[in-house]
Structures are given as C-alpha cells and as structure tokens.
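Asker: Sharing a structure with you now.
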Amino acid sequence: MGKPSRRQFLKLIGATGAALMVGRGGASASEEHQVNNDTLGMLYDATKCVGCKACMSACKRVNSDYGSLSYEKATFDSDGLWDAPEDLSGSTRTLIKLFKESDKEWSYVKYSCMHCQKPSCVSVCPVSAMTRDKITGIVDYNKNTCIGCRYCQVACAFNIPKFQWEKAIPQIVKCDLCKNTNMVRKGITACAETCPVGAIMFGKRKDLLDEAKKRLAENPGRYVNHIYGEKELGGTNHLYLSAMPFKKLGLPVLKHEAPAEFSEKIQHTIYKGFIAPVALYSTLCFIAVKNMKKGRASEDEEQALKNSEQKKTETEHGEDVE
Amino acid sequence: MSHDEYQTYRAKILTPSFVVLLVLTLIGFALIAVRFIKGIGAVSNMNDGYPWGIWITYDVATGTAIACGGYAMAILIYIRNRMHYHPMIRSAILTSMFGYGLAGFSVMVDVGRPWNAYNFFIPSKWQANSAMFEVAVCVMAYTTVLLLEFLPTVLTALEKTQWKTLQLLLDMVYSRMGMERPERIGDRLDKVKDLAAWLKPRLDKVLIFIIVLGITLPTMHQSSLGSLLLIASTKLHPLWYTGFLPLLFLINCMFIGYSIAILESVISCYAFKRPFETRELSGIARIIPWLTIIWLSVVIGDLAWRGQLAAAVSFDFYSRFFLLEFCLVAGGSLLMFSGKKRESIRWLFVSAALIVLGGALYRFNVYLIGFNPGKGWHYFPALAELLITVGIVAFEILGYQVIVKILPVLPKLHTRQQLDAEKA
Ligand code: SF4
Ligand code: SF4
C-alpha cells in the first residue's frame, strides 16, 4: 500500500535537492563580481597612528546628530568628562584600540566599516535599508526604512553594524564615510581630515592601493607584506597596512570569496524567475484536485448507503454552538 | 469533504490549567510592554555579537517548524491522498495557525523598528537577494492561508449557532436598562448566519487551491529559514555550515511536523479524556523514519564530503551538541521502525518526542549554539527574555484549549469509530 504515492513524495524532496545541487554547480560557472577601483575608501596605516583618538572624537562631533550617537561614560569617570567607548557600539562608529604583545611590540588599530565591494549587509537586508552606492561605493544605512531585524549584524564578518539596545527607538549604527555630513561639506571623511599624522588616507580605491604598494616597496621590513582588504571577502574599500599580523589586531583571516556570492547563488537558483515555486504549486494542485475527484467518486457510492444512518446520528450529535 | 467529521469539545473553559496559562501569558505580555517602553536591552541579553537570541531561535525558527503539523498533514491528506486522516486536519491547522501567527508576533517584538515593516509591501524596497525577505513574505502569506483554511470551521459554527450566549447576554443588558430588545439585532444576527451559509460552499470550492498554497508556502520559507544562515560562513561552525542548509531545514520541518501531529493528538486525547487515535498515529509514524533517514544521510554525506566527520566525533563543545541532535533523531526513528512499538501509544509518544527534540535542537544548533561571532561575545537568554517566550507559548496553548471548546475542531468520535469499523 502506498507505493506510488510514496514515490511521488520522495520525488518532491528529490526535486528540491536537485535544485540545490545545481546551485552548487552553478556557483563556479556564473560570472564573478567586478571590483570597482574608482570607488571611495580609506587606507589606515597602523605604523603611523599615534593613538591620539582625534579621529574618534571628530567622528562623534560631526556625526552625532545625524547618526544619533551619544557620549559613553567610563566607570571611573562619574562626572562624564570623557567619551570612553569600550568598543564599536550603538553610539560609536569608529574606534582606536591598542594591541600590546610586549613592551616593544604593540600596535594601534582603527575599526570602522570596511565598505566591502560585495557587502554581506546589503545582500541580506530585507527592505533595502542597507545600500551600496554604485559610483562612490559607500555602504550607507537608512533608518527610515530599516525594520531593525539585525540580519546585517549576523551577516557582517567584521561585526561592524551595531544596534542601540538601550533605546526604545533604536537604529543600526555604522560608518557611512560621512556621506551625509562631512563629505557633503568638505568632500572628505572627518577622521581622515583630522588625523594629525596622516595615518588615514582618503581617496579612490585604486590610488589607495597604489599608495599602499608603494609604501610596502619602499619600506621593506617595516610592514607585514600584505594589504588587508585588497582581496578579503571580494575586496573592501577600507584598507590596512600594519607591522603586526592583522589577526592579532582583531582583523580576521578571511577567504577571498564574498559570502554573499555563495548565498545569493543558492537563493537565485531556487527562486530563478519564480519558476520552481510556480511549478511546485501547479504540480501539487494537479495532484490534489485529482485526488479529490477520486475521493468524490467513491464517496458518492458510499453516501447513498450511509445517508439514512448519518441523518440519524446528526440529530443526536447536533453541533449547535452557543 | 464533509464538515461533519468534527465536533466541539464540550467542557468547562475555566479550568486550573486555564488560570496558570493565563497568568504566564499576562507576565509575558507585561514584559513585552517593558520591552517597548525601555528598549530591547532592558529585557534581553542579546548583544551586537549575538543579535539573534531565543526569540528568533525558538519562536520563529523552531516554533514555525513545530507549527508544521498542518503542513505535514496537508501533504499526507491532499497530496498522498490519505483521506481517512482528514478528521485530524482541523486541530493540526489550528495549532499551525497559532504557531505561525505568534511567530509573526514575536518578530514584531524582536525587531527594533517594527513601524517600518510596511516596507515589505513597497516594491521598490524589495530585496530578493535576502532570505529574510522571502521568509517574511511567505510567513505573512501562509498565516493568511491558515486563517482561510480555518475559516470553514468558524463558518460551520456560525451557520448552526443559535447565538444562545449572545442572546442571553443581550437580554440581560437590555433588561438592566429597562428596555425591550429591538428586533433589529435579531435580524442582524440572522444576516451573519445567512452570510456564513452563503460563503461556506463557495469557499469550499476554492479551498483546495488555498490548501495547496498552504503546502507550497511552507516548502519555500522553511527552506529559506535554512538559507538565512548561508551568509554567516565565518560565524557558523563547520559542523552545520553547508550549502545544504535549505534542504536540511525543509526535511527537518517535515519530520518535526508529523511527529508534532502525533504528540498533539496524544496530548489532547489524554487531556480531554478521549480515546487515542492509535491507528491513524501509527500510520503517520510509518512515514517519519523515511524522512529522517534521508535527512540523516544528507547530514552524514555532507559532513564526509566536506571532511568534517572527525570534527563531528571529536567530543568538543560543538561535537557534543551535534551528536546529541543526531542521536535524538536517529534514536526516535529507530523506535518508529519497529512495527510493534508503533502500535503502542506510549512508544509513539516517546519516539515522536525524541524526534521533535532532536529536530528542534538542530535548529538551535544552527541559530545559536553553533553560532560564534568571535572572541569575547557571549549569550544566554535573560529571565525576562525567556518569560516573554514562555508567555507566548502559554498563549498558544491557551488559545487552542479555548477554541476546541467553542468550535468544532476535534475529530468526531462517532465518525472515527465508524471508520475504524469500516476498515476492519
Ligand atoms: S564591513 Fe560589514 S557593515 Fe561594512 S560594508 Fe562590509 S559587511 Fe557591510
Ligand atoms: S537591521 Fe535594518 S539595516 Fe540591518 S538588515 Fe535589518 S532592516 Fe536591514
């Protein structure tokens, strides 16, 4: 009993599986995403940074109204004299940290959004609140569409987007290259403008890469021979040079493929042109309607027999509802 | 399909369990109020490393799988043409309706800016790359479909109702006010009845297409619940991170769906002191091991292919959770393979419970336990956060309890016994 229908059932599962397998195969076949080197970014040179945190305070000064940032008190500072964030947070878009291996070996590092070429946060945002500008490459956030699902936080491999957990009307906070603030007024990010030692260079990605390569070539031994962000996750527009291994500075070792490419390919394969769902729906309708007709036919025969008895029971078990 | 396969369960609504559930519900909803006044951080331990906590993991990712009873039963009845399970469908749909409706509600509690949710209806904001978009739209659509699927139950009740309670109430109100009850009201009530009677046969005609939609939509979004984590390639542990996540989530919801249908039936028969539906249940139990075998083989095959088998049995933190999940599902299925055990309500209950636990643990593993955003991040749900989830679950059970007592949802005893007799 049930052989043919079990087969139908397994077929159904098999079809989904097949779609996914195609997804895997197709992943390598379809076109790679293009890196656009004319987009804007920043090059942070950790060997130049003196840790003065002028960039941090400039960022907060310039963006606090637009980005809904506030000052963060430290526990030892009951008067609230300093802004002392411990990490990137719902109030802090950029942060300088010190990594100390020994008295001789240490390095500063600046955190902020990497402005990925193929950003995971944009790929996953269900309502297009995260967007990447095609021309400038800036990954921007729009609080007026964001539903606050925090999927961008789950998706970002650098843990950049932050959420305002303590607010009744919260939003996501992350660097947008001062797109709506300093960039409009002065054409440069506040942090790059402020840095007193030129540790942050602002410009087009191709110029930043050229500069980084030049520094690597001219100062052998000063740097780890790697431009962090050149290839990571499909390339980022925020680039790093450092004397210490990047992993020690909290910048993870990452593959060159953007995670969004893989996930989008699977999603696209399943939902290409909406063919699979429609096909599934029509097949199922066909089966169900056929089944129902079959059921009707046999029911009719039985019905004649049952009718008299059923009427009797119906009056006994009346279903009136109060 | 006749509407006479069902009956209202006549019993008192105000029972001790009703009161307990009501209290839990009220606590949960009070805490939800706190969340909206003071922000999510005030009630929850979620943080920037673990932006999804117990609400998404349990209420949405696991809760909707547990609410897949309606989906699984619909496949069985309408696609595999097992009409003799039809009497069980209404209670399955009712629980699915609560599960999905409240999952949607939990999402509204969980998201930070719910007032922006209208953007899901604005085409220029659609983002087809996002698995979340697909899940959200499908879940909304499916909840609507479930409401439509449940509508005939309400209509049958309306059609046959005498409005006894309402009449009494009205009489009381009007006599208090010292007035005659106007005729109008009676007319109005009759109109509602007429409308219900008019709508029902029409709805019956298109119902099958709605039902099939109710099979297509969960197939889509249950797999997308797996796709949600595809982006987290650097955060989800390799034991669970695979391109097969969508397929695994889909099969997972099917076997959870059938198992939960068994559990529901056993529990409600026990609670409402009705005879157990052993014959139907053991029939359902025959299907489950096939699904779990496919699922387990995909899991193992995929681990082997990615060279993670050694990690799976390394007995570290992750491996233990993986093995637990694996053994629960495998153990439950082994029990169900034995024909004798399938005939016993106790074993049916135990094996279905094992499979539901294992299947749910799989979802926890993917969403929470195997999720590691990096050094320094920790998450364990706060008490208030848990109580909100408990409150929502309590509300679900409460709603079920009340509705089966006012609407014809449970299988009619007479019909089933008659069917049994016919088959024998
Ligand atoms: S670093 Fe994170 S937040 Fe910034 S663009 Fe990349 S994925 Fe988005
Ligand atoms: S939290 Fe906002 S920006 Fe982030 S994915 Fe959700 S809707 Fe998009």
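The values are calculated or read from the model by the stated rules, or taken from the named source; none is laboratory data. In this text, all values refer to a predicted model and were calculated from it rather than measured experimentally. Note: ideal-geometry Cβ built from the backbone for every residue, glycine included; neighbour counts use all protein chains shown. In case anyone asks, the SASA skips ligands and DNA or RNA and just uses the protein heavy atoms, side chains included. Shrake-Rupley method; radii C 1.70, N 1.55, O 1.52, S 1.80 Å.
Asker: If you go through region B:281-323, how many residues are in contact (Cβ under 8 Å) with a residue 12 or more places away in the chain, within 14 Å of chain A (Cβ to nearest Cβ) and of a type outside the set (Ser, Thr, Tyr)?
Answerer: 16
Asker: Using the structure shown, decide if A:Lys104 is more than 14 Å from ligand 1 (Cβ to nearest atom), of a type outside the set (Ser, Thr, Tyr) and free of Cβ contacts under 8 Å to residues at least 12 places away in the same chain.
Answerer: yes
Asker: Right, something else. Select from region A:146-170 the residues that are within 8 Å of ligand 2 (Cβ to nearest atom) and out of contact with any strand residue (DSSP E or B) (no Cβ under 7 Å at 6 or more places or on another chain) and write down the one among them that is nearest to A:Cys116 (Cα to Cα).
Answerer: So, considering only residues that are within 8 Å of ligand 2 (Cβ to nearest atom) and out of contact with any strand residue (DSSP E or B) (no Cβ under 7 Å at 6 or more places or on another chain), the one nearest to A:Cys116 (Cα to Cα) is A:Ala155.
Asker: Looking at A:Asn180, is it among the polar types (S, T, N, Q), part of a loop (DSSP other than H, G, I, E, B) and under 26 Å from A:Ser263 (Cβ atoms)?
Answerer: Against the criterion (among the polar types (S, T, N, Q), part of a loop (DSSP other than H, G, I, E, B) and under 26 Å from A:Ser263 (Cβ atoms)), A:Asn180 does not qualify.
Asker: Let me ask something else about it. Among (1) open to solvent by less than 10 Å² (accessible area, probe 1.4 Å); (2) charged (D, E, K, R); (3) over 24 Å from A:Lys60 (Cα atoms), which single condition is A:Lys134 missing?
Answerer: Exception for A:Lys134: condition (1).
Asker: On the basis of being within 14 Å of chain A (Cβ to nearest Cβ) and either part of a helix (DSSP H, G or I) or open to solvent by 30 Å² or more (accessible area, probe 1.4 Å) (or both), does B:Tyr379 make the cut?
Answerer: Yes: the conditions hold for B:Tyr379.
Asker: If B:Leu24 satisfies all but one of (1) open to solvent by less than 20 Å² (accessible area, probe 1.4 Å); (2) assigned to a helix (DSSP H, G or I); (3) in contact with a Gly (Cβ under 8 Å, 6 or more places away or on another chain); (4) not small (Gly, Ala, Ser), what's the number of the condition it fails?
Answerer: Only one criterion in (1) open to solvent by less than 20 Å² (accessible area, probe 1.4 Å); (2) assigned to a helix (DSSP H, G or I); (3) in contact with a Gly (Cβ under 8 Å, 6 or more places away or on another chain); (4) not small (Gly, Ala, Ser) is unmet by B:Leu24, namely (1).
Asker: All but one of (1) among the charged types (D, E, K, R); (2) within 16 Å of ligand 2 (Cβ to nearest atom); (3) open to solvent by less than 10 Å² (accessible area, probe 1.4 Å) hold for B:Arg35, so report the exception by its number.
Answerer: (2)
Asker: Then there's this: Keeping to region B:161-192, report how many residues are loosely packed, with under 13 Cβ neighbours inside 10 Å and assigned to a helix (DSSP H, G or I).
Answerer: Total meeting the criteria: 15.
Asker: Restricting attention to region B:38-52, does a residue exist that is among the acidic types (Asp, Glu) and in a helix (DSSP H, G or I)?
Answerer: Taking every residue of region B:38-52 in turn, none turns out to be among the acidic types (Asp, Glu) and in a helix (DSSP H, G or I).
Yes/no per residue for (1) modelled with pLDDT of 90 or more; (2) within 8 Å of another protein chain (Cβ to nearest Cβ); (3) surrounded by fewer than 18 Cβ atoms within 10 Å (Cβ to Cβ):
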{"site": "B:Asp194", "(1), (2), (3)": "no, no, yes"}
{"site": "B:Arg202", "(1), (2), (3)": "no, no, yes"}
{"site": "B:Met220", "(1), (2), (3)": "no, yes, no"}
{"site": "B:Gly226", "(1), (2), (3)": "yes, no, no"}
{"site": "B:Leu239", "(1), (2), (3)": "yes, no, no"}
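Asker: Does A:Cys59 fit the bill of being open to solvent by 20 Å² or more (accessible area, probe 1.4 Å) and touching a Cys at 6+ places or on another chain (Cβ under 9 Å)?
Answerer: Here the answer is no, as A:Cys59 does not meet what is asked.
Asker: Now for a separate question. May I ask you to say which residue of A:Ile147, A:Ile160, A:Ile169 is within 9 Å of ligand 1 (Cβ to nearest atom) and either within 11 Å of chain B (Cβ to nearest Cβ) or buried (at least 24 other Cβ atoms within 10 Å of the Cβ) (or both)?
Answerer: Unique residue meeting the criteria: A:Ile160.
Listed here are the residues, each with its yes/no results for (1) more than 12 Å from every other protein chain (Cβ to nearest Cβ); (2) within 16 Å of ligand 2 (Cβ to nearest atom); (3) open to solvent by 70 Å² or more (accessible area, probe 1.4 Å); (4) not in a strand (DSSP E or B).
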position: A:Tyr44; (1), (2), (3), (4): yes, no, no, no
position: A:Ser64; (1), (2), (3), (4): yes, no, no, yes
position: A:Lys73; (1), (2), (3), (4): yes, no, yes, yes
position: A:Asp87; (1), (2), (3), (4): no, no, no, yes
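Asker: State which residue pairs qualify: first residue closer than 23 Å to B:Thr234 by Cα and inside region A:217-232, second residue aromatic (Phe, Trp, Tyr) and surrounded by 13 or more Cβ atoms within 10 Å (Cβ to Cβ) in any location, beta carbons under 6 Å apart, and separation of 6 or more residues or different chains.
Answerer: Cβ pairs passing all conditions: A:Tyr228/A:Tyr240; A:Tyr228/A:Phe246; A:Gly229/A:Tyr240.
Asker: Right, here's the next one. What's the number of the only condition in (1) surrounded by 24 or more Cβ atoms within 10 Å (Cβ to Cβ); (2) under 16 Å from the mean Cα position of the chain (by Cα) that A:Leu177 fails to meet?
Answerer: Unmet for A:Leu177, out of (1) surrounded by 24 or more Cβ atoms within 10 Å (Cβ to Cβ); (2) under 16 Å from the mean Cα position of the chain (by Cα): (2).
Asker: Just to be sure I understand, how many residues within region B:88-119 are over 11 Å from the mean Cα position of the chain (by Cα), hydrophobic (A, V, I, L, M, F, W, C) and open to solvent by 20 Å² or more (accessible area, probe 1.4 Å)?
Answerer: 4
Asker: Can you tell me which residue in region B:120-147 is farthest from the other protein chains (Cβ to nearest Cβ), limited to those that are over 30 Å from A:Phe163 (Cβ atoms) and buried (at least 18 other Cβ atoms within 10 Å of the Cβ)?
Answerer: That would be B:Leu146.
Asker: Sticking with this structure for a sec: Scan B:Phe209, B:Phe150 and give me the residue that is over 30 Å from A:Tyr151 (Cβ atoms), among the aromatic types (Phe, Trp, Tyr) and without any contact (Cβ under 8 Å) to a residue 40 or more places away in the chain.
Answerer: Result of the check over B:Phe209, B:Phe150: B:Phe209.
Asker: Being open to solvent by 40 Å² or more (accessible area, probe 1.4 Å) and touching a Lys or Arg at 6+ places or on another chain (Cβ under 9 Å) is the filter here, so list the residues in region A:195-221 that pass it.
Answerer: A:Val197
Asker: Please go through (1) more than 13 Å from ligand 2 (Cβ to nearest atom); (2) crowded, with 21+ Cβ neighbours inside 10 Å for A:Cys121 and return the number of the only condition it doesn't satisfy.
Answerer: Going through (1) more than 13 Å from ligand 2 (Cβ to nearest atom); (2) crowded, with 21+ Cβ neighbours inside 10 Å one by one, A:Cys121 breaks only (1).
Asker: Quick check on A:Gly137: is it more than 16 Å from ligand 1 (Cβ to nearest atom) and on the phi > 0 side of the Ramachandran plot?
Answerer: no
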